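Working notes for the structure below.
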Amino acid sequence: MKWFRFSLVILAATVIGAGALMDVISITEQHIKPSLLLMLLVYFAINCNSYDAIICCFSIGLAADITGNLIGPYFISFGVIGTALTQVRKFILLKKTGQQAFAIFLTGISIYLLAIIIMKFKTSGSGAPTFANAAAVSMYSAILWFLLKIPVETLGKWLGVGVYRFGNSLSEPRA
């Protein structure tokens with residue numbers, strides 16, 4: 001993994017997600033927008049080796065917290081749920097686009113539900129999103145994955161996803 005490039009990609013996804021560009025594709029009166037960080041989290045959790053994937057999950061959670069009102073809920077929820085997805089992918093192959101979209105949906109619901117629970121404990125709950133809003137964001141992100149899979153995979157190759165720390169590819173057997 002090329003970490004400097006990764007930080008640039010996460011910074012770009014954070015700025016795009018928090019900026020006015022996402023308002024153009026928002027839907028309904030609640031301004032439901034897809035979460036680019038959620039899609040990147042699932043991609044990295046599925047395709048990186050475990051060590052790199054866990055670092056990616058917590059980094060993406062920190063980026064999600066920076067755009068929000070509170071620091072902490074998304075860091076914890078993205079990190080914990082992303083780490084769990086990293087462990088699940090050892091048993092369930094998620095190579096087809098439909099499977100990955102379903103993983104984005106389930107992961108998004110889990111992340112936002114955990115974040116909502118943490119926000120309820122941390123504050124009076126005035127700034128926490130509703131579960132319906134979280135489900136809509138997860139569904140919209142899963143649907144958008146069908147359009148963004150190829151560009152995200154291209155970014156992943158540029159970042160060195162799928163290459164071990166010592167240069168071996170994931171597809172090559174380790175000696």
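The values are calculated or read from the model by the stated rules, or taken from the named source; none is laboratory data. Bear in mind the structure is a predicted one, so any value in this text is a computation, not a measurement. Because the Cβ atoms are built from the backbone with ideal geometry, glycine has one as well, and the counts that use them run over all protein chains shown.
Quick look at the values:
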{"quantity": "Residues of the range 68-79 that turn out to be surrounded by 15 or more Cβ atoms within 10 Å (Cβ to Cβ) and either of a type outside the set (Gly, Ala, Ser) or within 13 Å of the chain's Cα centre (by Cα) (or both), as a count", "calculated": "8"}
{"quantity": "Condition broken by Trp3, with the remaining ones in (1) at pLDDT below 90; (2) over 16 Å from the mean Cα position of the chain (by Cα) satisfied", "calculated": "(1)"}
{"quantity": "Residues located in the range 83-98, provided they are within 16 Å of Phe44 (Cβ to Cβ) and in a helix (DSSP H, G or I)", "calculated": "Thr83, Ala84, Leu85, Thr86, Gln87, Val88"}
{"quantity": "Test: residue in the range 88-99 that is surrounded by 13 or more Cβ atoms within 10 Å (Cβ to Cβ), basic (Lys, Arg) and touching a Gly at 6+ places or on another chain (Cβ under 8 Å)", "calculated": "no"}
{"quantity": "Of all residues in the range 35-67 being in contact with a Gly (Cβ under 8 Å, 6 or more places away or on another chain) and assigned to a loop (DSSP other than H, G, I, E, B), the one that is nearest to Thr107 (Cα to Cα)", "calculated": "Ser35"}
{"quantity": "Inter-residue pairs, beta-carbon under 6 Å, first touching a residue at least 40 places away in the same chain (Cβ under 8 Å) and farther than 18 Å from Ile117 by Cβ and in the range 132-143, second part of a helix (DSSP H, G or I) and of a type in the set (Val, Ile, Thr), 6+ apart", "calculated": "Ser141/Ile104; Ala142/Ile104"}
{"quantity": "Residue among Ile104, Ile109, Ile116 that alone is assigned to a helix (DSSP H, G or I), surrounded by 13 or more Cβ atoms within 10 Å (Cβ to Cβ) and at pLDDT below 90", "calculated": "Ile116"}
{"quantity": "Selection status of Gly82, touching a Cys at 6+ places or on another chain (Cβ under 6 Å), surrounded by 15 or more Cβ atoms within 10 Å (Cβ to Cβ) and either modelled with pLDDT of 90 or more or more than 16 Å from Ala134 (Cβ to Cβ) (or both)", "calculated": "yes"}
{"quantity": "Qualifying position, being closer than 18 Å to Lys149 by Cα and aromatic (Phe, Trp, Tyr), among Tyr43, Tyr51", "calculated": "Tyr43"}
{"quantity": "Number of positions in the range 13-34 that are without any contact (Cβ under 8 Å) to a residue 12 or more places away in the chain, within 22 Å of Thr107 (Cα to Cα) and small (Gly, Ala, Ser)", "calculated": "1"}
